[in-house]
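> Have a look at this one.
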Amino acid sequence: MSIPVSKNEEVIVDIVGLTHEGEGVGRVEGFTLFVQGALPGERVRAKVLKVKKQYGYAKQLELLKSSSDRVEAPCPIYKQCGGCQLQHMDYAAQLRWKRQHVVDNLERIGKIRVTSGAASDGVGQEEKGEAPGVIVHPTMGMDEPWRYRNKAQVPMGMGMGSSSGPAAAETIGAAGAAQLIGGFYARSSHRIIDMDACLIQHERNDEVVARIKAIGRELGITAYDEETGRGLLRHVMTRVGFVTGETMIVLITNGQRIPQVESWVKRIRENVAGVTSIVQNVNTRKTNVIFGDVTRVLWGSDVIYDELDGIRFAISARSFYQVNPLQTVALYRKAVEYAGLTGTENVIDAYCGIGTISLFLARQAGRVYGVEIVPEAIEDARRNAALNGIANAEFEAGAAEVVIPRWREEGIVPDVIVVDPPRKGCDAELLETILAMKPERVVYVSCNPSTLARDLRVLEDGGYRAVEMQPVDMFPHTVHVETVCLLIYKGFE
Ligand code: SAH
């Protein structure tokens, strides 16, 4: 087929869908053009930026027909910042799109039949003799989908600053007046843009970053420069316990020594409420990885505490802890519900992190076995079990695909296996082990619908049936969607 568009040409594009990155999928005479910021159902005038064999990219110039799902993005820096992708879409429409995104992946990648309709009863769609498809419930959204994040990781740079808004900062060397700024990388670049407020962050995090910048400016602190490898402050990480209000601040520095560190600490303590922990992490490597290996406490505790559904967690600077605590509780409760516990079951929690899901499960199970690859997280998990007086959970550090087969040899027989893998999904060997152990239920918590669909295919081929699924909106205004899925072994149905 000949390509109907060429670079720099202006075209009229009809938008028919959204990619998993939130770009509009447009069509011009059957040719696919991706148009950032355009929504399904819209028609735009756009300029072609790039043409490849199968598809191209275009920049929207004018909106000719608007979707009823379109809203004004409330954030003034939405267009420059890559952090959110769906602020221009009505929240209810975001939730509908997320469910559909899960369904599309299940059908296309997993070849899994979905019981159509968003109804929670899931009846009425079954054809005679055919197994019912998986029920995908409507995405569970937030009543107030703003200011939901407990953690910010803010890159620091030198520039002109912006006391009043989004003005892009010049990078170092531009003028003598360059000062400490911090915010975000402009979309698909490493240029730092100064930011005063992020509408999806807890206000405390905004306050911490603003304060650190102000103090840094007063003290003449320099920011790290990726190009030259010079300068001190690389990132500021801040995390607040939504229930406890405790706040940890981590200064990630290019080098051990922080000039005037006492006065820095003192000013932070005087100016930011709730700070219970100020930590330094040293990273001198030329890398995009935020954290280095050395972490030391400058003041206060090495952890902050937070609570999820009445369970307390100690969280250290490097711990993985879900960023949206309200939705995390909803997600974990659903995972526990799907586990169908009566108080006697053996449950394995694979990819357990600091033992969060494990401890939710332990309250209703006989015994819980958690496994996680990061040894420090396992230490946290044990500490968290003890902190809550939970004695029926044990933890082991190692790869799930290595440890669980060994548990099998040792005679551990799980009734339920919960998995919560990173984006790349479950290791093939782990899936094999699950099929060999045949627990009655598998509860799959996923942050990536495509690897979820791939893994569900393996489990279905091995005798499981995906019964129902709950997408949970952990990251409003972004394209991310978290899903929890219940699978039951066919013999038990
Ligand atoms: N269930 C936890 C953590 C989920 S994030 C929570 O809800 O907080 C996924 C976790 O999997 C991370 O902690 C990561 O360190 C861990 N991980 C990654 N690969 C792993 C593997 N092969 N085996 C065990 N854990 C792994």
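> Quick one: order Leu251, Leu219 from most to least accessible surface, probe 1.4 Å.
Leu219, Leu251
> If you don't mind, another one. Taking a ≥ b ≥ c as the square roots of the Cα gyration tensor eigenvalues, with a/c under 1.5 meaning rounded and otherwise prolate when a/b beats b/c, else oblate, which class fits segment 242-393?
Verdict is prolate for segment 242-393.
> Per residue, what accessible area does the chain have, given a 1.4 Å probe and all protein chains present, in Å²?
Heavy-atom SASA per residue in the chain reads 44 Å².
> A further question on this structure: Find how much the distance from Arg147 to Ala210 grows on full extension, using 0.36 nm per residue of separation minus their present alpha carbon separation; answer in nm with one decimal.
Full-extension gain reported as 21.1 nm.
> Take Glu307 and Ser66, extend 7 Å from each Cα along the Cα→Cβ direction, and tell me the distance between the two endpoints in nm.
About 4.5 nm, to one decimal.
> If the viscosity is 1.306 mPa s and the temperature 10 °C, what translational diffusion coefficient in µm²/s does Stokes-Einstein give for segment 10-65 when Rh comes from Kirkwood over Cα pairs?
151
> Among rounded, prolate and oblate, which fits segment 1-108 when a ≥ b ≥ c are the square roots of the eigenvalues of its C-alpha gyration tensor, a/c under 1.5 means rounded, and a/b larger than b/c means prolate?
It is oblate, given that a/c is not under 1.5 and a/b is not larger than b/c.
> Rounded to the nearest percent, how much of the accessible area of the chain (1.4 Å probe, protein heavy atoms only) is carbon and sulfur?
The computed percentage sits at 49.
> Quick one: what are the phi-derived ³J(HN,Hα) couplings along segment 94-100, Karplus 6.51/-1.76/1.60 with θ = phi - 60°, whole Hz, x for glycine and proline?
Along segment 94-100, the couplings run 4, 5, 5, 5, 5, 4, 5 Hz.
> Any chance you could list the semi-axes, whole Å, largest first, of the equivalent ellipsoid that the Cα gyration tensor gives for segment 151-308, using √(5λ)?
24, 18, 15
> Can you pull the accessible area of Lys266 for me, 1.4 Å probe, Å² to the nearest 10?
Rounded to the nearest 10, the figure is 120 Å².
> On to the next question. To the nearest 500 deg cm²/dmol, what mean residue ellipticity at 222 nm is calculated for the chain from DSSP H runs of n ≥ 4 alone, each contributing -39,500 (n - 2.57), summed and divided by the residues?
-7500 deg cm²/dmol
> Would you list which lysines come within 21 Å of Lys47, measuring only between C-alpha atoms, while excluding same-chain residues fewer than 8 positions from it?
Lys7, Lys59, Lys65, Lys79
> Moving on. Can you check how the C-alpha radius of gyration of segment 370-493 compares to 2.2 N^0.38 Å, as a plain ratio?
1.10
> What is the distance, in nm, between label points placed 7 Å from the Cα along the Cα-to-Cβ direction at Arg333 and at Glu262?
Distance between label points: 4.9 nm.
> Report, for the chain, the % of DSSP beta bridges that are antiparallel, rounded to 5.
65
> As an exercise, use a Förster radius of 51 Å and the Cβ-Cβ distance of Ser6 and Ala436 to find the FRET efficiency, rounded to the nearest 0.05.
Approximately 0.35, to the nearest 0.05.
> Take the alpha carbon atoms of segment 434-486, find their center, do the same for segment 188-214, and report the distance between the two centers in whole angstrom.
Their Cα centres are 34 Å away from one another.
> For a test of the definition: using alpha carbon positions, the gyration tensor, and the 1.5 limit on a/c, classify the chain as rounded, prolate or oblate.
oblate
The values are calculated or read from the model by the stated rules, or taken from the named source; none is laboratory data. The model shown is predicted, which means the values in this text are computed figures rather than measured ones. Every residue, glycine as well, gets a Cβ built from its backbone with ideal geometry; the counts of neighbours run over all protein chains shown. Heads up: the accessible areas ignore ligands, DNA and RNA and are worked out on the full protein's heavy atoms, side chains in. Shrake-Rupley method; radii C 1.70, N 1.55, O 1.52, S 1.80 Å.
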